[in-house]
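See below for the structure under consideration.
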Amino acid sequence: MEDLYKKYYFGLKKFISQKIDDEGVVEEIINDVMLAVINSEKNYQHRCCQFSWICSIAKHKIIDYYRKKKIKTILFSVSPIFEEIADKALTPERDVLKNELKDEIKKTLSELKAGYKNLLRLKYIEGKKVTEIAKETKLTVKAVESRLIRAKKQFREVWIYDKKEN
């Protein structure tokens, strides 16, 4: 492990730094990549050079990073309490909190008007673009945008997760 780390650290750092501008995140991803390399070394089939194989693992880790970042951005736009929950989710209770959060989101969505629930599902769960939603619902893009704003507002009003402790 130490030999691999020394051998590929700077090349891997340069590769990841070209895609991510945060030094702390780069270091974290390097560690994740090296751990993944160790865990999957038996699967390396020597079809390409070892550094290319390691970079392919790094690409997947970078994609995961951006995917998680997008999810956080979406959640934080609905309610700032998600940021606090995300910080707590880094502890060993992560899975319990995640399941509790999912349950609360489902419960809150079930209390919304059907149209709002559907729009939020299409946008944030299925990840569709506003133009796609407009076509599917036979609404104009502007109508979808304004209804999404109202749907998010209603979600915040119904959301009780951050009101439980008060």
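FYI, it's all coordinate maths here, none of it is from the lab. As the structure is a computational prediction, the values presented were derived from the model and not from experiment. Here the Cβ positions follow ideal geometry from the backbone for every residue, glycine too, while neighbour counts run over all protein chains shown.
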> What ³J(HN,Hα) values, in whole Hz, does the Karplus curve 6.51 cos²θ - 1.76 cosθ + 1.60 give for region 24-39 when θ = phi - 60°, with x put for Gly and Pro?
Replying inline: x, 5, 4, 4, 5, 5, 4, 4, 4, 5, 5, 5, 5, 4, 5, 5
>> Please arrange Cys49, Cys55 by how many other C-beta atoms lie within 10 Å of their C-beta, fewest to most.
In response: Cys49, Cys55
> What order do you get for Leu120, Leu101 when you list them from fewest to most C-beta neighbours inside 10 Å?
Replying inline: Leu101, Leu120
> If each of Lys138 and Gln50 carries a label point 7 Å out from its Cα toward its Cβ, how far apart are those two points in nm?
Replying inline: 6.2
>> Residue by residue through region 104-109, what is 3J(HN,Hα) from phi via Karplus (6.51 cos²θ - 1.76 cosθ + 1.60, θ = phi - 60°)? Round to whole Hz and write x for glycine and proline.
In response: 5, 5, 4, 5, 5, 4
>> How large is log10 of I(q)/I(0) for region 93-163 at q = 0.17 Å⁻¹ when the intensity is taken from the Debye formula with one equal scatterer per alpha-carbon?
In response: -0.64
> Lys19: net charge of surrounding residues, Cβ under 11 Å, Lys/Arg +1, Asp/Glu -1, itself excluded?
Replying inline: +1
> Can you pull the percent of Cα pairs in region 2-75 with separation above 20 Å?
Replying inline: 30
> How do Arg67, Arg150, Arg47 rank when sorted from fewest to most other Cβ atoms within 10 Å of their own Cβ?
Replying inline: Arg47, Arg67, Arg150
